[in-house]
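Asker: Here you go, one structure.
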Amino acid sequence: MENWDEDIETTTNNESPSDPQLVNREGSKKKKEEEEDELTVEQIFQHKKVPSWRQQLTVRAFVVALVLSILFSFIVMKLNLTTGVIPSLNVSAGLLGFFFVKTWTKLLEKAVWLRQPFTRQENTVIQTCVVASAGISFSGGFGNYIYAMSEVVAKQLSNFNAPQDIMNPQIGWMMGFLFVVSFIGLFSVVPLRKIMIIDFKLTYPSGTATAHLINSFHTPIGAKVAQKQVKTLGKFFTFSFLWGFFQWFFTAGNACGFVNFPTFGIPAYTNTFYFDFSATYIGIGMICPHIINVSLLLGAILSWGIMWPIIGSKKGVWYSASLSSSSVNGLQGYKIFISVAMILGDGLYNFVKVTSRTLIGLYQEYRDKRNAALPVAETNSPASPPPLSFDDERRTKLFFKDQIPTWFALGGYVTISVISIIVVPFIFPPLKWYYIVVIYIFAPILAFCNAYGCGLTDWSIGPTYGTIAIFVIGAWAGASQGGIIAGLAACGVLMNIVSTASDLTQDFKTGYLTLASPRSMFVSQVIGTAMGCVISPCVFSIFYKAFPDMGLPGTRYPAPYATVFRSMAMLGVEGFSSLPTNCLQLCYGFFFISIFINGIRDSVGKRWAKYIPSPRIKVSNQIDHRRFDQSDSNI
């Protein structure tokens, strides 16, 4: 593979290792690298002109982003319909964006067609656009609230199967829904970008890590590392493709071939303990921290190895022996609602934790600013703000250069809100316009809390806010007025708002550290979101048509969280009256166990917390027949 940066020198065949010129060249090169190591990031780039925000938005950037968005949408959709939780794609998008555009510019340089060099700002635009587009594949609800409305999932739960409680996926209304609800979150946090990035100096770990990676790519040393990384990526991409092609020859249907390989014998296989030799899950498992994989394994052993066999032995005592295995009033009900209880416990704990940290952080910022404003006797008093470093001064100056007018953000929020209030009830008749008005009144506050919490913990709790909407709006609408569809649709409205808000502020942080203009970040986020509103429904339709059994337990794409979200909607409109015998008591127990485990994780410190499993990840193994070795990570 060709070297990408012209600063990377290569030796010719007629130069010997003892050539004095070569020795001097290598010595000066090594000295230059040592000098660069002593410089800060912006000192290295200070002699390079920063392009205007319009120059950062290039055609080639969005062409590359479109290609990568389609690729990542397929990956996210597959994980969404199997594990249900998606790993961060920021770093992968930055690396592949660098590779594609750098290769493109090399070809154009040879053809003497290149007019504009590839910059780190353009790299950031690509990364932002790709992550925004692929994020719609998750926040769009194709693996949870959207598919939970379908007839396939409704029939598994036996209750609420009336036409008013079912809405099968169709590409038309899915695109329309996403277009009217996915952009409003972007406008809700634009006026708060200075507070988040400059005043509060929130970390946004994923955004910061991506920025450092992009900055390093555009140095001679970083280009070398990126070249090696892409070579490794190509090798394993080829291996994964060939392995998948090999598996295809031995797969004649569900539970066939290497997809369901009885590694531990037939008795274990009947209890769902087997290996799925999918390269996708191996790769995700390598990306995720070890505690995620351990949590999945413990969840599988706890549920399929211990709990379900014990509860299954109560058949005819706790629940009727004549019920099918998929009936919510039988064993399936215990599986779903115990899992829901743990998810709610985990969600409630983290909601309270993130909200409290947000309020404490806001109070501390207010207190520090108030103290700093008091008159002091000495100029060198600790209350005086420390001088900005060269990097921070340059970044702050450029961050304020291209402002996004507040009137534009407020006008955009109001305009899209009005359109959404009019259009969404036509798509989902049970979701009345006044339900949406209430959501949009509280949405900016929740979007701010989620964006702030994400800056502190790198954890977006968008699905938790969506869960709140399911219960509140579902109970408000009631069972007779289509509360199931109303609750699930309300979940989608709120989840899209808070998720896109945290994504945008994270991208603002990346742009701040790479000197990308806030305007280019906003425009690329808008274009990426628009791409996702088209690409994601199309990708989902491909899966939906190619796999007619999608959403059924034991199939290749069981969509486990669709069942969970519909079960939450049922609880919201019906309460606990339909639960099987002793199920409510078990739910209470696991609800508090989930809170207790989270409390232990936060109280023992980072040193020991990494050995305590995550309740949310453990529970994902309790609701699916295909979960022995699949790995996932949160948002």
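Asker: Only residues in segment 269-281 that are on the phi < 0 side of the Ramachandran plot count as the first member; pair them with residues that are small (Gly, Ala, Ser) and open to solvent by less than 20 Å² (accessible area, probe 1.4 Å), Cβ under 9 angstrom, at least 6 apart or cross-chain, and list the lot.
Answerer: Short answer, once both residue conditions are applied: Phe273/Ala300; Tyr281/Ser631.
Asker: Still on this structure: Among the candidates Pro163, Pro117, single out the residue that is farther than 29 Å from Trp53 by Cα and open to solvent by 40 Å² or more (accessible area, probe 1.4 Å).
Answerer: Pro163
Asker: Here are the criteria: (1) assigned to a helix (DSSP H, G or I); (2) modelled with pLDDT under 80; (3) of a type in the set (A, V, I, L, M). Tell me which single one Met568 does not satisfy.
Answerer: Here Met568 meets the rest and fails (2).
Asker: From the set of residues in segment 269-284 that are under 16 Å from Thr83 (Cα atoms) and part of a helix (DSSP H, G or I), which is modelled with the lowest pLDDT?
Answerer: Per the criteria, the residue is Ile284.
Asker: Can you work out which of the residues in segment 474-523 that are free of Cβ contacts under 8 Å to residues at least 60 places away in the same chain and of a type outside the set (S, T, N, Q) is nearest to Pro405 (Cα to Cα)?
Answerer: Out of the qualifying residues, it is Leu494.
Asker: Restricting the search to segment 285-344, which residues are hydroxyl-bearing (Ser, Thr, Tyr), modelled with pLDDT of 75 or more and open to solvent by less than 60 Å² (accessible area, probe 1.4 Å)?
Answerer: Ser295, Ser303, Tyr319, Ser320, Tyr334, Ser339
Yes/no per residue for (1) closer than 16 Å to Gly487 by Cα; (2) charged (D, E, K, R); (3) in contact (Cβ under 8 Å) with a residue 24 or more places away in the chain; (4) open to solvent by less than 20 Å² (accessible area, probe 1.4 Å):
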{"position": "Ala134", "(1), (2), (3), (4)": "no, no, yes, yes"}
{"position": "Ser139", "(1), (2), (3), (4)": "yes, no, yes, yes"}
{"position": "Phe142", "(1), (2), (3), (4)": "yes, no, yes, yes"}
{"position": "Ser150", "(1), (2), (3), (4)": "yes, no, yes, yes"}
{"position": "Gln156", "(1), (2), (3), (4)": "no, no, yes, yes"}
{"position": "Ile171", "(1), (2), (3), (4)": "no, no, yes, no"}
{"position": "Met175", "(1), (2), (3), (4)": "no, no, yes, no"}
{"position": "Ile198", "(1), (2), (3), (4)": "no, no, yes, no"}
{"position": "Lys201", "(1), (2), (3), (4)": "no, yes, no, no"}
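Asker: Are any of the residues in segment 424-431 in a helix (DSSP H, G or I), at pLDDT 85 or above and either under 20 Å from Ile198 (Cα atoms) or open to solvent by 50 Å² or more (accessible area, probe 1.4 Å) (or both)?
Answerer: Yes; the residues of segment 424-431 include at least one that is in a helix (DSSP H, G or I), at pLDDT 85 or above and either under 20 Å from Ile198 (Cα atoms) or open to solvent by 50 Å² or more (accessible area, probe 1.4 Å) (or both).
Asker: Only residues that are assigned to a helix (DSSP H, G or I) and either more than 19 Å from Val189 (Cα to Cα) or open to solvent by 20 Å² or more (accessible area, probe 1.4 Å) (or both): list them for segment 514-531, please.
Answerer: Scanning segment 514-531 gives Thr514, Arg519, Val523, Val526, Ile527, Ala530, Met531.
Asker: In addition: On the basis of being buried (at least 17 other Cβ atoms within 10 Å of the Cβ) and in a loop (DSSP other than H, G, I, E, B), does Thr563 make the cut?
Answerer: It is false that Thr563 is buried (at least 17 other Cβ atoms within 10 Å of the Cβ) and in a loop (DSSP other than H, G, I, E, B).
Asker: Out of curiosity, is Val534 open to solvent by 40 Å² or more (accessible area, probe 1.4 Å), part of a helix (DSSP H, G or I) and of a type outside the set (Lys, Arg)?
Answerer: The answer is yes for Val534.
Asker: Follow-up. Quick one: is Cys454 in contact with a helix residue (DSSP H, G or I) (Cβ under 8 Å, 6 or more places away or on another chain) and open to solvent by less than 10 Å² (accessible area, probe 1.4 Å)?
Answerer: yes
Asker: In addition: Please go through segment 523-547 and give me each residue that is small (Gly, Ala, Ser) and closer than 15 Å to Gln170 by Cβ, ordered by number.
Answerer: Selection gives Ser536, Ser541.
Asker: Which one is modelled with the highest pLDDT among residues in segment 611-625 that are closer than 21 Å to Thr83 by Cβ and open to solvent by 10 Å² or more (accessible area, probe 1.4 Å)?
Answerer: Here the answer is Ile612.
The values are calculated or read from the model by the stated rules, or taken from the named source; none is laboratory data. None of these values were measured; they are calculated from a predicted model. Neighbour counts are summed over all protein chains in view; Cβ atoms, including those assigned to glycine, are modelled from backbone coordinates with ideal geometry. Remember, those area values only see protein heavy atoms, side chains included, never the ligands or the DNA or RNA. Shrake-Rupley method; radii C 1.70, N 1.55, O 1.52, S 1.80 Å.
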